[in-house]
1. Taking residue B:58, is it closer than 19 Å to residue B:102 by Cα and without any contact (Cβ under 8 Å) to a residue 12 or more places away in the chain?
2. Condition test on residue B:50, is it within 13 Å of another protein chain (Cβ to nearest Cβ) and either modelled with pLDDT of 95 or more or in a strand (DSSP E or B) (or both)?
3. Are any residues in the stretch A:31-57 under 30 Å from residue B:111 (Cα atoms), surrounded by fewer than 16 Cβ atoms within 10 Å (Cβ to Cβ) and in contact (Cβ under 8 Å) with a residue 12 or more places away in the chain, and if so, which ones?
4. Hey, any hits in the stretch B:88-101 for a residue that's away from every other protein chain (no Cβ under 14 Å) and either surrounded by fewer than 19 Cβ atoms within 10 Å (Cβ to Cβ) or in contact (Cβ under 8 Å) with a residue 12 or more places away in the chain (or both)?
5. Across the stretch A:85-107, what is the number of residues that are within 14 Å of chain B (Cβ to nearest Cβ), touching a residue at least 24 places away in the same chain (Cβ under 8 Å) and either surrounded by 19 or more Cβ atoms within 10 Å (Cβ to Cβ) or not in a loop (DSSP other than H, G, I, E, B) (or both)?
6. Just checking: which of the strands (runs of 3 or more DSSP E) contained wholly in the stretch A:24-80 hold 1 or more residues that are under 16 Å from residue A:4 (Cβ atoms) and away from chain B (no Cβ under 14 Å)?
7. Go through the stretch B:83-102 residue by residue and tally those that are under 17 Å from the mean Cα position of the chain (by Cα) and farther than 12 Å from residue B:6 by Cβ.
């Protein structure tokens, strides 16, 4: 596996910005995925980084540094519906290794 | 467009009973297929994956097995369920390339009593 490490919980206010960090082991690494999972539901794909740098998709951005084994997911202009678990996953050939997920709670 | 189905959505089974969960994908050919389990409050654990009909790779030794009888059908089975088999079972597919995005089905919530 990739030994994915991410914080367990984060809390932020509606309209604010939150950054979720993820570190991984670099051996056999292909790329880095972020998924969103609402309670009781299946994960949905958010972003994929294979090259260093920032990828922006609307309110969500994801960053990757391959040399540092580090990624982050940036959520801007937080909305109540963004309350969910965010899963970081490293890819190695056909497989993904998932972190335990970061539960983000958005408060009014 | 591609669609992935899983059934049943929920299942309550006694310890020692058999299990069969089915997953089918529509709108794509030769997908990679995956079975994951997510215990309550935990991350996703990869159980099996398949890159073609009849090809199954097992990631975690346990009392579960998987089969792929058709290109877009993936089945997870057990002969005798354990209490520790309870969890949220997710099937996923990806295009037939290395390190591509995986898309998840709606999942089956299994409770073993």
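1. Here the answer is yes, as residue B:58 does meet what is asked.
2. Numbers: within 13 Å of another protein chain (Cβ to nearest Cβ): yes; either modelled with pLDDT of 95 or more or in a strand (DSSP E or B) (or both): yes.
In short, yes.
3. A:38, A:39, A:45
4. no
5. Here is the first cut: in the stretch A:85-107, the ones within 14 Å of chain B (Cβ to nearest Cβ) are A:85-103.
Subsequent filtering for residues that are touching a residue at least 24 places away in the same chain (Cβ under 8 Å) retains A:85-93, A:96-103.
Next, from what is left, pick out any that are either surrounded by 19 or more Cβ atoms within 10 Å (Cβ to Cβ) or not in a loop (DSSP other than H, G, I, E, B) (or both): A:85-92, A:96-99, A:101-103.
Matching residues across the stretch A:85-107 total 15.
6. Per the criteria, A:60-65, A:70-75.
7. The qualifying residues number 8.
The values are calculated or read from the model by the stated rules, or taken from the named source; none is laboratory data. Everything quoted here is computed from the prediction, not taken from an experiment. Virtual Cβ from ideal backbone geometry, glycine too; neighbours counted across all protein chains shown.
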